[in-house]
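Participant: I'd like to ask some things about the structure below.
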Ligand code: WT7
């Protein structure tokens, strides 16, 4: 009965209606949340005493001041950074109400700054040039490196100078397709130094997905490497980029330069495919450039980066973040949610290809002058103790990861953990999906020796930084709850009609008012920005998540309520997977739903119908999965293909996903009302075929 999430999960799967929510409410609060809700885990006195925010009262005071006087609260934090020119007297202006016209958010407008200057030069000038900025740990144990702040700045400047030399100017896009080498944060920081807009594409995306992003943002340069080792495999990244660039040309977007890092440990340059005139080896050019590079001062509202994420349609959304507000927000959230102190060694296992790697590998920590561990490898290579080996090696104090990793290591047994000391750890963090209480407990008791508070940070690509998160010294925690809002954040739970509901309740999670780290638009599609996020509940930002609040005011995130699924913390649109499946010549129609998965949180369950006359076979199943791997990436490969001669549809032709979710999760006695089906006969076929494939 402890995993209330299992009950709550169904929220995403049911037609929402006020009635439904109140029923859900009863289920959660009556049956299982009640036990979790009373399960408080207190930070130790020693921890709280030294913490930046050490009591609920102190949190409340700061929170209230952030809500009553946002301009004062945020400008005080912003003043800790260097601004070449101060912002306009007005700290922010916002319209988040679609009924009042265009949604427009601005923070620190008129202020001129540079995020790389603030992350590097400013910390060096404060006397921290000799402090380690990055410890890099390679895929192979023993393969490692490090850069001090001063050395990192030199590397960043050399690349920045090179990019300027090849004609990259303020506002130009640069696509970065790199694994977790030091060059990945270096490339991000180099772009930001010259005002170029980086768009990092996770190096697990396929050529098709990379091409889609390149076609959308039309970069001047693509930065990649020839190959990478993951666990015991070598992946030829450059070949994927080659494919993407060919595809882009076909779509009228021709990228003139592909800067390629030779990643010698994975592949020699002689073995790499090469296109003269377009491809350039990083090592041949970048080191020749000066180690100093002047700063491009940009407006607080000038774009910093684009990051594509999945929505409920097939086309990924280019989430655009600007400079000033994002800088202030990523830095402040990092500091408070992890109770950061200058002596900390911080490790976040996320890849810079996702927002977590932007805000909490690169910008947030470096803006705070932190020492960051960047890990290239896999957590189970050479064995499942690798993470704790790294924790001991670098004396990591703050360890931030995803529930899926916690669950997968939990399954391997405690010995892999207890073999290592882990005495350096003092704060743990979780992100990407709700952490189920049993995984929370294992993380807390076994990994953290019941000593380290867990910051379960709820946020999104769109929010730029943490929104609902524990401040580890302030509050007693409840395993599985992200606790309370960060400073300046006003979360509200609304019902079906968009009315705020108070007290103990369940509904849709929205945010009232803007915050500095909020995204400003979807690149090239401001209309979609408004429609997706601000129209569903006018007057609010709609997160796409369901949420409940318990009697003590703790927030419990319950998962997406839209057609987005969360697989191992990776956000995948069901429509994207469907469109990949139907691109297969033998697939007539596809409907994809998320289904509970022990390790990944959600797995991908795909129903397919085939083109007339094509028989279903194991071979066809494999090639359907391959189609998804090729179109999106291996991480989006369906766990299950369920062939069916027909899909359940309403008379108007709409696929009834509610029913498909029930079939996928085996809840065959809960199919509900099927009387509106156009052809009730398809149900029996579907169920009959469920287990024989
Ligand atoms: C979605 C955002 C933000 C970094 C990683 C994912 C889910 C994220 C939590 C959490 C419950 C969470 C939500 C959200 N999510 N963190 N701590 N508890 N759910 O970023 O790819 O933009 O996905 O991830 O459903 O909407 P993203």
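Values quoted throughout were computed directly from the atomic coordinates according to the rules given, and no laboratory measurement underlies them. In this text the structure is predicted, and so the values were computed from the model without any measurement. No Cβ is skipped: glycine too gets one built from the backbone with ideal geometry, and neighbour counts run over all protein chains shown.
Participant: Quick one: the Cα spread of region 144-266 along its three principal axes, in angstroms, biggest first?
Facilitator: 43, 40, 17
Participant: In percent, what relative contact order does region 55-147 have, based on Cα pairs under 8 Å that are 6 or more apart in sequence?
Facilitator: Relative contact order for region 55-147 comes out at 18 percent.
Participant: Within 10 Å, count the other beta carbons around each residue, average over each peptide in 78-88, 147-157, 675-685, and list them highest first.
Facilitator: With the highest mean Cβ count within 10 Å placed first, the list reads 147-157, 78-88, 675-685.
Participant: For all pairs of alpha-carbon atoms in region 556-693, what percent lies in each bin of width 5 Å, listed from the first bin to the last filled one?
Facilitator: 2, 10, 21, 23, 21, 15, 7, 1, 0, 0
Participant: In addition: Test of understanding: express the Cα radius of gyration of region 285-404 as a ratio to 2.2 N^0.38 Å, with N the residue count.
Facilitator: Compared with the compact-globule rule of thumb, region 285-404 sits at 1.24.
Participant: Based on DSSP H runs of at least 4 residues, each adding -39500 (n - 2.57), what is the mean residue ellipticity at 222 nm of the chain after dividing by all its residues, to the nearest 500 deg cm²/dmol?
Facilitator: -8000 deg cm²/dmol
Participant: Ok, one more. If you average the sequence gap of Cα pairs under 8 Å that are 6 or more apart and divide by the length of the chain, what percent do you get for the contact order?
Facilitator: 15 percent
Participant: Oh, and also: Taking every DSSP beta bridge with both residues inside region 165-275, roughly what % is antiparallel (nearest 5)?
Facilitator: In region 165-275, DSSP labels about 20 percent of beta bridges as antiparallel.
Participant: When you count, for each residue, the other Cβ atoms within 10 Å and take the mean per peptide, how do 187-199, 378-390 rank with the highest first?
Facilitator: 187-199, 378-390
Participant: What FRET efficiency comes out for residue 617 versus residue 102 if R0 is 35 angstrom and r is the Cβ-Cβ distance? Round to the nearest 0.05.
Facilitator: So the FRET efficiency works out to roughly 0.10.
Participant: Under the 0.36 nm per residue contour assumption, what length would be gained going from the current alpha-carbon distance of residue 538 and residue 49 to full extension?
Facilitator: Extending this stretch completely gives an extra 171.8 nm.
Participant: Taking a ≥ b ≥ c as the square roots of the Cα gyration tensor eigenvalues, with a/c under 1.5 meaning rounded and otherwise prolate when a/b beats b/c, else oblate, which class fits region 428-503?
Facilitator: prolate
Participant: Next up: Write down the Kirkwood hydrodynamic radius of region 340-463, to one decimal in angstroms, obtained as one divided by the mean of 1/r over all alpha carbon pairs.
Facilitator: 14.5 Å
Participant: Just report the Cα centroid separation between region 460-537 and region 366-430, whole Å.
Facilitator: If we compute the Cα centre of each part, the gap is 29 Å.
Participant: Working out 0.36 nm times the residue gap between residue 414 and residue 552, then minus their Cα-Cα distance, what length gain in nm do you get to one decimal?
Facilitator: Length gained, residue 414 through residue 552: 46.4 nm.
Participant: What spacing in nm lies between the two simple spin-label points modelled at residue 41 and residue 71, each 7 Å away from Cα in the Cβ direction?
Facilitator: My value for the distance between the label points is 4.2 nm.
Participant: Looking at the square roots a ≥ b ≥ c of the eigenvalues of the Cα gyration tensor of region 296-355, which shape do they give, rounded for a/c under 1.5, prolate if a/b is larger than b/c, or oblate?
Facilitator: oblate
Participant: What whole-number distance in Å separates the alpha-carbon centres of region 611-686 and region 116-141?
Facilitator: 50 Å
Participant: Per residue, how much space in cubic angstrom lies within the convex hull of the C-alpha atoms of region 455-611?
Facilitator: Each residue corresponds to 137 Å³ of Cα convex hull volume.
Participant: Okay, next question. For region 203-309, rounded, prolate or oblate, judged on the Cα gyration tensor with a ≥ b ≥ c (square roots of eigenvalues), a/c < 1.5 rounded, else prolate if a/b > b/c?
Facilitator: Note, shape of region 203-309 comes out oblate.
Participant: Report the far tail of the P(r) of region 567-634, meaning the percent of Cα-Cα pairs longer than 20 Å.
Facilitator: Across region 567-634, Cα pairs with separations above 20 Å total 26 percent.
Participant: What is the distance, in nm, between label points placed 7 Å from the Cα along the Cα-to-Cβ direction at residue 285 and at residue 271?
Facilitator: For residue 285 paired with residue 271, the spin-label model returns 2.5 nm.
Participant: What number in nm² do you get for the chain if you take the convex hull of its Cα atoms and divide its surface by four?
Facilitator: Over all viewing directions, the chain projects a mean Cα-hull area of 29.4 nm².
Participant: Percentage of Cα-Cα pair distances in region 255-313 greater than 14 Å, rounded to whole percent?
Facilitator: Summing the P(r) tail past 14 Å for region 255-313 gives 73 percent.
Participant: Using a 10 Å cut-off on Cβ atoms, rank the peptides 104-111, 90-97 from the highest mean neighbour count down.
Facilitator: In decreasing order of mean packing, 104-111, 90-97 become 104-111, 90-97.
Participant: Give, as ranges by residue number, the residues of region 448-475 whose backbone N falls under 18 Å from the point 7 Å along Cα→Cβ of residue 57.
Facilitator: 473-475
Participant: Grab the Cα-Cα distance for residue 82 and residue 144, subtract it from 0.36 nm times how many residues apart they are, and report the gain in nm with one decimal.
Facilitator: Going from the current span to full extension adds 19.1 nm.
Participant: In whole Å, what is the distance between the alpha-carbon centres of region 288-304 and region 71-85?
Facilitator: 20 Å
Participant: Next question, about the same structure. I'd like the projected area of region 323-386, averaged over all directions, using the convex hull of its alpha carbons. Report it in nm² with one decimal.
Facilitator: It is 4.8 nm².
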